[in-house]
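**Q** Below is one structure. I have some questions about it.
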There are 4 protein chains.
Amino acid sequence: MKKLTIGVIGAGRIGKVHAKTISKLVIPGVDVRIKWVVDPVVKMAEELAAALAIPKSGADYREVLADPEVDAVLVCSSTNTHSEISIAAAKAGKHVFCEKPVDLTIARVDAAIAAAKEAGVILQVGFNRRFDPDFRKIRTIVASGAIGVPHILKITSRDPNPPSPQYAAVSGGMFLDMTIHDFDMARYLIGSEVAEVFAAGAVLVDPEIGRAGDIDTALITLRFENGTIGVIDNSRKAVFGYDQRAEVLCSNGMAANSNHYHDTVVVSGAERIENDLPQNFFMDRYTLSFEVEIGEFVEAILGGKAPSCDGRDGRQALVIALAAKKSLVTGRPVKTAEVEA
Amino acid sequence: MKKLTIGVIGAGRIGKVHAKTISKLVIPGVDVRIKWVVDPVVKMAEELAAALAIPKSGADYREVLADPEVDAVLVCSSTNTHSEISIAAAKAGKHVFCEKPVDLTIARVDAAIAAAKEAGVILQVGFNRRFDPDFRKIRTIVASGAIGVPHILKITSRDPNPPSPQYAAVSGGMFLDMTIHDFDMARYLIGSEVAEVFAAGAVLVDPEIGRAGDIDTALITLRFENGTIGVIDNSRKAVFGYDQRAEVLCSNGMAANSNHYHDTVVVSGAERIENDLPQNFFMDRYTLSFEVEIGEFVEAILGGKAPSCDGRDGRQALVIALAAKKSLVTGRPVKTAEVEA
Amino acid sequence: MKKLTIGVIGAGRIGKVHAKTISKLVIPGVDVRIKWVVDPVVKMAEELAAALAIPKSGADYREVLADPEVDAVLVCSSTNTHSEISIAAAKAGKHVFCEKPVDLTIARVDAAIAAAKEAGVILQVGFNRRFDPDFRKIRTIVASGAIGVPHILKITSRDPNPPSPQYAAVSGGMFLDMTIHDFDMARYLIGSEVAEVFAAGAVLVDPEIGRAGDIDTALITLRFENGTIGVIDNSRKAVFGYDQRAEVLCSNGMAANSNHYHDTVVVSGAERIENDLPQNFFMDRYTLSFEVEIGEFVEAILGGKAPSCDGRDGRQALVIALAAKKSLVTGRPVKTAEVEA
Amino acid sequence: MKKLTIGVIGAGRIGKVHAKTISKLVIPGVDVRIKWVVDPVVKMAEELAAALAIPKSGADYREVLADPEVDAVLVCSSTNTHSEISIAAAKAGKHVFCEKPVDLTIARVDAAIAAAKEAGVILQVGFNRRFDPDFRKIRTIVASGAIGVPHILKITSRDPNPPSPQYAAVSGGMFLDMTIHDFDMARYLIGSEVAEVFAAGAVLVDPEIGRAGDIDTALITLRFENGTIGVIDNSRKAVFGYDQRAEVLCSNGMAANSNHYHDTVVVSGAERIENDLPQNFFMDRYTLSFEVEIGEFVEAILGGKAPSCDGRDGRQALVIALAAKKSLVTGRPVKTAEVEA
């Protein structure tokens, strides 16, 4: 029986999600297992190890990389360590699944891509929404040409609750932390690179976020190389829940999705007709996408083929985010070429 | 210019609706006008005449029938006079649009049909829902065979508020007054006659209705000659509004409609997502159907062709209603042949 | 650490579903594990044991019952063995989760209930739909009285494809095999016993089913002890997919659900607007309900409390099914008291 | 009986719509009638007069203004004559309903406003969408504060088919001809003035429109004085029909509408579930809004009160449109103050 041994680096929220997913994976003829989980907060690593019967835990990711039995690692550590660990893992010959964003600078993302290439290992980036059935279907329809060529893209992406202002400050700002998913989604759905960005931002949800130097509300206009124009609207707070929608108007039709709900029950009363609120948390809404994403990572390793969301995808989303940030500061449209230079 | 002169008999709720519809009719090359409106409550006739600039009003429908200029009459009087007036009108050579039900006995409906036939005039019956775009579309799809042959019919027909118990008593009962629309709809949608009826009735809305000898809630199972089975569910009170839906499951698909709303606005809040209540009143919900119905009556006269909803349709709905009533009393399924005998 | 050891009896479709669910269960402080899987077709038992690392497999359920370590069994064998195995398991002091129907005769269901009672073990019956979030929400709302008292119940339950005529013949017929879920749902949603049943059945999907002595299409009218009236509509074939809906009209409102879809994407084209078909298979549609059901069984054992769906629920659904069958044969409404006698 | 005499100037598409609406108006105690219809193409005026029994027709609007019996005029002539006729009508003491846009220059709109003010007559502007039940409800909810303060506005406004390139050239361009409705809607829904505009335009539908110097696809970002940010997306061609939606995300909820359909029928087949296309034409989609709009004009005159959509509303929409045009040319955000200067 084939064997695939994985190390999980980072035992926080997303590390737990991925570790559980791998524990439940059933692939005929392959024994996939997690051997290591490490976290600087070693207690978290130990707890996750206990819960999922993972044999080894610790604080230092270098122990994982030094283990010759380990085939691949999931980099679920804090953002500022993503590229460093990914590079070290590649150099150690391990396949890498790296959470988003790979890094906050283009140079370091490029270094990670180069390291993976040189080592001949897979580098997959955690833009999980690409693996959601809704967005994948929209992309498939648009890419097929069945409804013509894309004219207007609209992405709505709103969180149910704002992060703490402290988090806002250290995360690199809304565009690098939250909108980066939408920048990737924009490229994914349209199948073309973004040439120019204009960002209109505002602080409407929490003044503390503004004082911390970030924004909480934005409209970002994108102009793609293939002529499509698009807009992303973001808010850190949609009181009714996690608001995740996309719409692509094409020359011969439109594809759009709607939010997901826990149940479909409609209650009709004398005053109103009401239904359930949308799923409120990204781990509810995107449960399936996390499973498919990890499944594809494992398949890519086993099949020796490229992942559908790779280092370059991580890089290009960052480029758009940096252009959006520059547009916000300068108050004018910014070409992505400007931030590449 | 061709001329078509109409008399309106009965100036109550439905008489007003039809009179206004005719006043607004614009048919190129034809001068359609109402010359008469009469009502036993002559004040009501006079008021309607004044509002719509109708030249003549009065109390006695025989004046209308005696006017040689009148080509057609709308019989919108109280139910117990429908057949008598329709027969007299036919004998006077006037085309007849008769509100539902034509009568509460089969014999008298047959007499009205015979009178119209003998006189060579049109007899159209006011089952307006046939002219609603939703139900007409379902019927068209089913009749086309595009989704195969019908297996199961479901009609939901619920009023927003019960009538007074007094009305319940004199109207002939729920089946003859309210469900008769649904019995016609059943025949219309399936395109086959009903062979057997089983009615389960209950008094759940208002005990006074029960004391007056009627029911206010019912499930009526229908077995059609073509093998389709169907169910009508009725309530005299759906607190959220007028509930009017139909669904036909066929061997190769299903056609179904939903309720109509004043607006499409959805309000999403922290507690719930809500939308508008359905249109609450039959004159809102079926506005368009009344216009199309009268338009087709006028066209049938002008074109000399048979109306799409005629005396026989009025008769067959009555047969089903009488069978349902008998089923309710006997507690067993009743063949329509039993009430014909 | 507490320990709960389970034996799975029957390694067919539903046995596999439940075994997988238990394998994935994570209950803090409790070690839940499957020790046995048995099936007369021993190869199926062995395969399932291998896939889920279950230590012991075999052909004979008596081996499981003889194992003192086993706390509970899941009876997922063929229908005709359900009551026999459940009784034997109870006598062996094992808690029992028994798939539906418990048996095709009331006497044998009563015997199973009595055996469990005498042995002081839990007997839960596998009406999984009670654990679906949609139906549970409808029931909760109705039971709360928030929308008044129930007047009309409507359950739509249609399979995407008919079974083989052979299966139709041996399964006890559509009412005992398929509609029994809906009879349980009816009791669950309304919270009252069914007093009378009228069944209108037809063979419209597949003449072979008729020749095998069964029907494939039905409308079943129910009259509940609390006065509610209800209708179940069944078809063995809804070409668009698994059609599972319920609607309860109450004196002060209505609660209704709709079907579930794989994705929410709407594609608008020049000819039509279209969306996904409903989930097509009961294991997709009811995935979550199977998990919750098994979770509640385990919790009931651990907490020493009664399950929310017990032997009596299994019995009462059977009573309604037998009354429906009798109504179909006699062509008249049948009181449930008649089949109890 | 009070009397209100109206002259219709312009017998084209929109002139006909308004004339018919007035013909059907029934206001108790008031005799509202059209005395004149004029059009440079006198044949069109004559035909409309004949169809609606309007006593006088002609080519020259000055005849209408000279008639002392005329109380009010509807200016439905070609755009380039709107302000001139409105000013002349005001000077003649007639109330004015002027179709949008009032003019393509701010100075001339200001002149029309001043003329109406000086003469003490009403000047209402034909932004009919304000009178649509959907948009009025969204505005009412937002203005009530019930869902907090607005954060993000999204307006989707797409035509089913592009105009001829010739029309595109003479109409003042898409922003002045089509988007001007949306600019008004933006002000209406948010209740605040627009401070800054960024327009991203493209020619994606028809290259001929580009050659004529116009665009056919656009995303326009708006920044309001109250801090709200908004986006309008326009296309000259949505193949599935007239796409008219708005969504306002507020601090405590969201209000949004959807498109309108001719019927609600859903057809579920083995391949797909499909429903009707949206109403395809602005006169279908906005029928009711035209009626309400004219009704409010008549009421404003009779009640001596200000209309809910006046000359200043016409002016402000123009200001935004001109800023959008400038943004398109310069490729940068433009403050509305710039085009006022």
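**Q** Kindly establish whether A:VAL231 is touching a strand residue (DSSP E or B) at 6+ places or on another chain (Cβ under 8 Å) and either crowded, with 20+ Cβ neighbours inside 10 Å or not charged (D, E, K, R) (or both).
**A** yes
**Q** Any idea which of (1) modelled with pLDDT of 95 or more; (2) open to solvent by less than 10 Å² (accessible area, probe 1.4 Å); (3) not aromatic (Phe, Trp, Tyr) is the one B:ALA195 doesn't satisfy?
**A** Evaluating B:ALA195 over (1) modelled with pLDDT of 95 or more; (2) open to solvent by less than 10 Å² (accessible area, probe 1.4 Å); (3) not aromatic (Phe, Trp, Tyr) leaves (2) as the failure.
**Q** Here's something else I'd like to know. Name the single residue that is farthest from the other protein chains (Cβ to nearest Cβ) among those in segment D:252-294 being among the small types (Gly, Ala, Ser) and more than 15 Å from C:GLU274 (Cα to Cα).
**A** Result: D:SER289.
**Q** Go through segment A:323-334 and count every residue that is touching a residue at least 12 places away in the same chain (Cβ under 8 Å) and over 23 Å from the mean Cα position of the chain (by Cα).
**A** So the count comes out to 3.
**Q** Which members of segment A:118-174 meet the condition of being of a type outside the set (Ser, Thr, Tyr), touching a residue at least 60 places away in the same chain (Cβ under 8 Å), within 18 Å of A:SER235 (Cα to Cα) and out of contact with any helix residue (DSSP H, G or I) (no Cβ under 6 Å at 6 or more places or on another chain)?
**A** Correct list: A:LYS154, A:ARG158, A:ASP159, A:PRO160, A:ASN161, A:PRO162, A:PRO163, A:GLY172, A:GLY173, A:MET174.
**Q** Moving on. Taking segment B:228-262 only, how many residues are more than 27 Å from D:GLU271 (Cα to Cα) and polar (S, T, N, Q)?
**A** 3
**Q** Tell me the helices (runs of 4 or more DSSP H) entirely within segment B:252-341 that contain at least 1 residues that are more than 30 Å from B:VAL149 (Cα to Cα).
**A** B:282-285, B:287-303, B:311-330
**Q** Out of the residues in segment D:63-80 that are at pLDDT 95 or above and not hydrophobic (A, V, I, L, M, F, W, C), which is farthest from D:ALA300 (Cα to Cα)?
**A** The extreme case among them is D:GLU63.
**Q** Suppose the filter is modelled with pLDDT of 95 or more, away from chain D (no Cβ under 14 Å), within 28 Å of B:PRO278 (Cα to Cα) and more than 15 Å from the chain's Cα centre (by Cα); does C:LEU249 pass it?
**A** yes
**Q** Among the residues that make up segment A:200-213, is at least one of them crowded, with 18+ Cβ neighbours inside 10 Å, within 22 Å of the chain's Cα centre (by Cα), modelled with pLDDT of 95 or more and within 9 Å of another protein chain (Cβ to nearest Cβ)?
**A** Checking segment A:200-213: at least one residue is crowded, with 18+ Cβ neighbours inside 10 Å, within 22 Å of the chain's Cα centre (by Cα), modelled with pLDDT of 95 or more and within 9 Å of another protein chain (Cβ to nearest Cβ).
**Q** Considering only residues that are open to solvent by 40 Å² or more (accessible area, probe 1.4 Å) and touching a helix residue (DSSP H, G or I) at 6+ places or on another chain (Cβ under 9 Å), which ones fall in segment C:1-34?
**A** C:LYS2, C:ARG13, C:LYS16, C:LYS20, C:SER23, C:LYS24, C:LEU25, C:VAL26, C:ILE27, C:PRO28, C:ARG33
**Q** Does C:SER192 fit the bill of being polar (S, T, N, Q), within 14 Å of chain D (Cβ to nearest Cβ) and under 23 Å from the mean Cα position of the chain (by Cα)?
**A** When the stated conditions are applied, C:SER192 does not pass them.
**Q** How many of the residues in segment D:311-339 are away from chain A (no Cβ under 14 Å) and out of contact with any helix residue (DSSP H, G or I) (no Cβ under 8 Å at 6 or more places or on another chain)?
**A** 1
**Q** Within segment D:246-294, how many residues turn out to be touching a helix residue (DSSP H, G or I) at 6+ places or on another chain (Cβ under 9 Å) and farther than 19 Å from D:VAL17 by Cα?
**A** Quick first cut of segment D:246-294, residues touching a helix residue (DSSP H, G or I) at 6+ places or on another chain (Cβ under 9 Å) only: D:246-248, D:250, D:253, D:255-260, D:262-265, D:267, D:276, D:278-279, D:282-283, D:286-294.
Next, only the ones that are farther than 19 Å from D:VAL17 by Cα stay: D:246-248, D:250, D:253, D:255-260, D:262-265, D:267, D:276, D:278.
So the count comes out to 18.
**Q** Name every residue in segment B:216-225 that is in a loop (DSSP other than H, G, I, E, B) and open to solvent by less than 20 Å² (accessible area, probe 1.4 Å), in order of residue number.
**A** Taking segment B:216-225 as the starting set, the residues that turn out to be in a loop (DSSP other than H, G, I, E, B) are B:216, B:225.
The one that is in a loop (DSSP other than H, G, I, E, B) and open to solvent by less than 20 Å² (accessible area, probe 1.4 Å): B:ASP216.
**Q** Ok, one more. Taking segment D:296-341 as the region of interest, how many residues are open to solvent by less than 50 Å² (accessible area, probe 1.4 Å) and in contact with a Phe, Trp or Tyr (Cβ under 6 Å, 6 or more places away or on another chain)?
**A** 8
**Q** Okay, next question. What about D:ARG211, is it in contact with a Lys or Arg (Cβ under 8 Å, 6 or more places away or on another chain) and over 30 Å from A:ILE215 (Cα atoms)?
**A** Spelling it out, it is not the case that D:ARG211 is in contact with a Lys or Arg (Cβ under 8 Å, 6 or more places away or on another chain) and over 30 Å from A:ILE215 (Cα atoms).
**Q** Tell me whether segment B:68-80 contains one or more residues that are under 25 Å from B:GLY304 (Cα atoms), touching a strand residue (DSSP E or B) at 6+ places or on another chain (Cβ under 8 Å) and of a type in the set (D, E, K, R).
**A** Yes.
**Q** Across segment A:226-241, what is the number of residues that are more than 9 Å from every other protein chain (Cβ to nearest Cβ), in a loop (DSSP other than H, G, I, E, B) and either within 23 Å of the chain's Cα centre (by Cα) or of a type in the set (Ser, Thr, Tyr) (or both)?
**A** Here is the first cut: in segment A:226-241, the ones more than 9 Å from every other protein chain (Cβ to nearest Cβ) are A:226, A:232, A:236.
When the remaining residues are screened for being in a loop (DSSP other than H, G, I, E, B), the result is A:226, A:236.
Retained after the next criterion (residues that are either within 23 Å of the chain's Cα centre (by Cα) or of a type in the set (Ser, Thr, Tyr) (or both)): A:236.
Looking only at that region, the number is 1.
The values are calculated or read from the model by the stated rules, or taken from the named source; none is laboratory data. Since we're looking at a predicted model, the values are computed, not measured. Methodologically, a virtual Cβ is constructed for each residue, glycine included, from the backbone with ideal geometry; neighbour enumeration extends over all protein chains shown. Ligands, DNA and RNA are excluded from the accessible area calculation, which covers all protein heavy atoms including side chains. Shrake-Rupley method; radii C 1.70, N 1.55, O 1.52, S 1.80 Å.
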